[in-house]
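Here's the structure we're looking at; comments come further down.
Just so it is clear, none of the values below were taken in a lab; they were calculated from the coordinates. Every value quoted in this text rests on a predicted model; they were computed, and no experiment measured them. Glycine also receives a Cβ, built like all others from the backbone with ideal geometry; neighbour counts cover every protein chain displayed.
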Amino acid sequence: MRMLLIHSDYLEYEVKDRALKNPEPISEEQRKGRLDEVLAVFMSVEKVDEANPEEVVEKAVKEIKDVAGQVKAEKIFVYPFAHLSSDLAKPDVALEVLQKVEEKLKEEGFEVKRAPFGYYKAFKLSCKGHPLAELSRSVVPSGEAVS
Ligand SMILES: NCC(=O)N[C@H]1[C@@H](O)[C@H](n2cnc3c(N)ncnc32)O[C@@H]1CO
């Protein structure tokens with residue numbers, strides 16, 4: 001799993017078109033979304049993660065919590081993003097991992113939104129620009145090599 005974490009004044013998206021034959025079913029309300037004062041986390045789930053999705057969820061949540069604590073962000077935007085890796089997990093595994101990350105972050109007390117999976121989306125992002133505002137993290141199941 002590769003993550004790009006951007007501490008932002010806001011992130012807003014608008015669903016444009018289907019990018020998969022069977023994208024995640026969404027309500028009309030989910031076609032647009034916005035959070036202010038947010039840690040935006042762009043996430044590419046990778047083939048290597050298929051070996052132990054549960055462990056990758058735990059490791060990703062730990063990393064996100066760590067960065068959120070450092071930048072004092074209380075809101076998280078989980079953003080499916082298939083452009084951080086050249087060896088992507090298959091969509092059904094990727095969606096499940098992202099749903100679990102969302103769920104666990106909510107359990108940890110964060111306000112969380114997750115952008116819809118399987119779509120092309122327009123988005124606007126305002127990066128805060130401080131020294132910790134742009135970070136990347138990579139997590140894999142134990143025993144697997146980070147590519
Ligand atoms: N920017 C727009 C976009 O990326 N759209 C992506 C993601 O929403 C999602 N997706 C598919 N596979 C994955 C994966 N392994 N990890 C994350 N998202 C995925 O499916 C779309 C087409 O790849």
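For region 40-50, check the following and say yes or no: at least one residue is out of contact with any strand residue (DSSP E or B) (no Cβ under 9 Å at 6 or more places or on another chain), assigned to a helix (DSSP H, G or I), in contact (Cβ under 8 Å) with a residue 24 or more places away in the chain and within 8 Å of the ligand (Cβ to nearest atom). Before you say what the answer is, go through the steps one by one.
Quick first cut of region 40-50, residues out of contact with any strand residue (DSSP E or B) (no Cβ under 9 Å at 6 or more places or on another chain) only: 48-50.
Filter once more, keeping what is assigned to a helix (DSSP H, G or I): 48-50.
Right, trim to in contact (Cβ under 8 Å) with a residue 24 or more places away in the chain and you get 48-50.
From the residues that got through so far, the ones that are within 8 Å of the ligand (Cβ to nearest atom) too are none.
No, every residue in region 40-50 fails to be out of contact with any strand residue (DSSP E or B) (no Cβ under 9 Å at 6 or more places or on another chain), assigned to a helix (DSSP H, G or I), in contact (Cβ under 8 Å) with a residue 24 or more places away in the chain and within 8 Å of the ligand (Cβ to nearest atom).
Quick one: which strands (runs of 3 or more DSSP E) sit completely within region 84-147 and have at least 1 residues that are under 22 Å from residue 66 (Cβ atoms) and small (Gly, Ala, Ser)? Lay out the reasoning, then the answer.
Working: elements: 111-114, 119-127, 134-138.
Where strands (runs of 3 or more DSSP E) fall fully within region 84-147 and carry at least 1 residues being under 22 Å from residue 66 (Cβ atoms) and small (Gly, Ala, Ser), they are 134-138.
Residue pairs whose Cβ atoms lie under 9 Å apart, separated by 6 or more positions or on different chains, with the first residue in region 18-34 and among the charged types (D, E, K, R) and the second exposed (fewer than 13 other Cβ atoms within 10 Å of the Cβ) and not in a helix (DSSP H, G or I), are 18/120; 34/124.
Among the residues of region 21-61, the one identified as over 14 Å from the mean Cα position of the chain (by Cα), farther than 16 Å from residue 96 by Cβ and β-branched (Val, Ile, Thr) is 26. In region 104-143, the residue that is nearest to the ligand (Cβ to nearest atom) out of those that are closer than 21 Å to residue 29 by Cβ and among the charged types (D, E, K, R) is 121.
In summary, residue 147 fulfils each of the numbered conditions (1) within 13 Å of the ligand (Cβ to nearest atom); (2) out of contact with any Pro (no Cβ under 6 Å at 6 or more places or on another chain); (3) of a type outside the set (A, V, I, L, M) with the single exception of condition (1).
Among the residues examined, residue 54 qualifies as over 22 Å from residue 11 (Cα atoms) and either within 13 Å of the ligand (Cβ to nearest atom) or in a helix (DSSP H, G or I) (or both).
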